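Colleague: I have a structure here, written as structure tokens, and I will follow up with some questions on it.
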């Protein structure tokens, strides 16, 4: 028997589904609770705003990072410029890239702790009704 041939019919799983879980991975069944949440306008607003905000910050970080990499690739002499007795512009900009990641993370966390948490709380209240 070759490695691609099976020894017989596929074995059936005797694993019982978890309590409260609807369907299985092989046979998903629509859960009306999930439909209720996904159709809620507050949930849709939360997802849309969070995704848009994350996308903007991701693009900003990519611009910073790829800009730095582009300078390395196309203008090494600029990065070799001394800005202090032993410090080059490349080192300063490299540290700036790392700091930009921290700043963008802080910006996202601040937004998540204000707007996104408020929307999540509002969603929880609307679903409790």
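Colleague: How big is the C-alpha Rg of the range 64-129 next to the rule-of-thumb value 2.2 N^0.38 Å, as a ratio?
Modeller: Taking the Cα Rg and dividing by 2.2 N^0.38 Å, one obtains 1.88.
Colleague: Taking other Cβ within 10 Å of each residue's Cβ, how do 59, 42 sort, fewest first?
Modeller: Ascending Cβ contact count within 10 Å gives the list 59, 42.
Quick note: the coordinates plus some simple rules give every number you see, no bench work behind them. No experiment lies behind these values; they were computed from the predicted model shown. Every residue, glycine as well, gets a Cβ built from its backbone with ideal geometry; the counts of neighbours run over all protein chains shown.
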